[in-house]
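**Student:** I have a structure I would like to understand better, so I am pasting it below and will then ask my questions one at a time.
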Amino acid sequence: MSVTILNHSLVKHKLTNIRKKETKTKDFYQNVSEIAGLMAYEITRNFPLKEVEIETPICKTVQYEIANDVVIVPILRAGLGMVDGIRSMIPTAKVGFIGLYRDEETLEPHEYYAKFPDTIVNSIVLVVDPMLATGGSAIAAIEMLKKRGCKDIRYVGLVGAPEGIEALSKAHPDVDIYLASQDEKLNEVGYIVPGLGDCGDRLFGTK
Ligand code: PRP
Ligand code: URA
């Protein structure tokens with residue numbers, strides 16, 4: 001297991017854009033999507049490769065392609081904001097969906113939807129959700145995927161609280177975690193500080 005916090009000026013710049021409370025839905029979505037695309041570069045750094053024989057205009061040669069299928073699994077709703085950005089970098093990736101909402105009183109996750117491509121079991125699975133707060137939603141989503149037989153699962157988020165990172169690392173020590181930022185803490189109602197507020201509402205203009 002590893003925790004990677006991306007240390008990249010462009011990612012930090014775009015993250016500042018989405019933290020600003022005055023950023024409106026369109027720009028918010030665009031920046032989330034762009035950060036996710038930039039993160040794809042880091043996430044795929046060590047993906048296994050296979051040799052392929054091809055022909056350039058000059059000669060035959062053996063080169064490399066990514067060996068495994070990739071499935072992106074956004075946790076609804078906010079995870080949807082990261083899908084386009086990652087797909088723009090990995091256009092062959094398939095997409096599955098997990099619907100979870102956090103009870104605002106207990107902060108416990110509740111499942112309401114799941115749909116996956118048949119090939120998911122033998123694929124590299126990227127669970128995407130911008131916010132890792134208590135970690136409850138990410139832990140539950142990964143449990144659902146493991147129950148279905150997925151073996152290679154990686155978590156990709158934008159902003160994580162130390163509490164969520166620790167909980168996810170303990171619950172699923174085999175899952176690598178990628179984040180654009182580790183923030184300071186959770187507040188008394190389970191929001192990340194400084195964070196960016198309610199990501200689902202800001203992405204979809206629902207508040
Ligand atoms: C948010 C966020 C995560 C979850 C994180 O979703 O997108 O899924 O909270 O919190 P946790 O780490 O404490 O579980 P929310 O439940 O608000 O649903 P939404 O995306 O539909 O708004
Ligand atoms: N979910 C969000 O959207 N934001 C937080 O800060 C915590 C959970």
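**Student:** Considering only DSSP beta bridges where both residues belong to the chain, give the percentage that are antiparallel (nearest 5).
**Tutor:** 40
**Student:** Additional query: Determine the calculated [θ] at 222 nm for the chain from helices alone, applying -39500 (n - 2.57) to every DSSP H run no shorter than 4 residues and normalising by the residue count; nearest 500 deg cm²/dmol.
**Tutor:** Taken over the chain, the calculation gives -10000 deg cm²/dmol.
**Student:** Right, another one. Working from Cα positions, state the angle (0 to 90°, nearest 10) between the long axis of helix 136-147 and the longest principal axis of the chain.
**Tutor:** Long axis of 136-147 versus the principal axis of the chain: about 40 degrees.
**Student:** Straight-line reach from Lys185: which aspartates and glutamates have a Cα under 13 Å away, not including same-chain ones fewer than 8 places off?
**Tutor:** Glu163, Glu166
**Student:** Evaluate the charge dipole of the chain about its Cα centre and quote only its size in Debye, nearest 20, assuming +1 on the Cβ of each Lys and Arg and -1 on the Cβ of each Asp and Glu.
**Tutor:** Around 380 debye, computed over the chain.
**Student:** Then there's this: Sorted by average packing, counted as other Cβ atoms within 10 angstrom per residue and highest first, what order do 102-109, 4-11 take?
**Tutor:** 4-11, 102-109
**Student:** Where nothing but the Cβ of Lys and Arg (+1) and of Asp and Glu (-1) is charged, how large is the charge dipole of the stretch 1-82 around its Cα centre, in debye to the nearest 20?
**Tutor:** 700
**Student:** Give the angle, between 0 and 90 degrees and rounded to the nearest 10, that separates the Cα long axis of helix 80-89 from the longest principal axis of the Cα atoms of the chain.
**Tutor:** 20
**Student:** Please report Rg over Rh for the chain, where both radii come from the alpha carbon positions and Rh follows the Kirkwood definition.
**Tutor:** Taking Rh as the inverse mean 1/r over Cα pairs, Rg/Rh reads 0.99.
**Student:** Work from the charge dipole of the stretch 100-144 (Cβ charges, +1 for Lys and Arg, -1 for Asp and Glu, about the Cα centre) and give the residue of Thr106, Pro117, Gly136 farthest towards its positive end.
**Tutor:** Farthest towards the positive end: Pro117.
**Student:** Please give the charge dipole size of the stretch 112-175, origin at the Cα centre, charges +1 on K and R Cβ atoms and -1 on D and E Cβ atoms. Round to the nearest 20 debye.
**Tutor:** Charge dipole, the stretch 112-175, about its Cα centre: 220 debye, nearest 20.
**Student:** Positive end of the charge dipole of the chain (Lys, Arg +1 and Asp, Glu -1 on Cβ, about the Cα centre): tell me which of Ser181, Leu145, Ile18 has its Cα farthest that way.
**Tutor:** Farthest along the dipole direction, towards plus: Ile18.
**Student:** List, in the order given, every pair from Lys94/Lys151; Lys12/Lys146; Lys50/Lys146 whose Cα-Cα distance in the structure shown is over 27 Å.
**Tutor:** Lys12/Lys146
Throughout, read-outs are computed from the coordinates displayed, never taken from laboratory work. This one's a predicted model, so the numbers in the text were calculated from it and none came from an experiment. Neighbour counts are summed over all protein chains in view; Cβ atoms, including those assigned to glycine, are modelled from backbone coordinates with ideal geometry.
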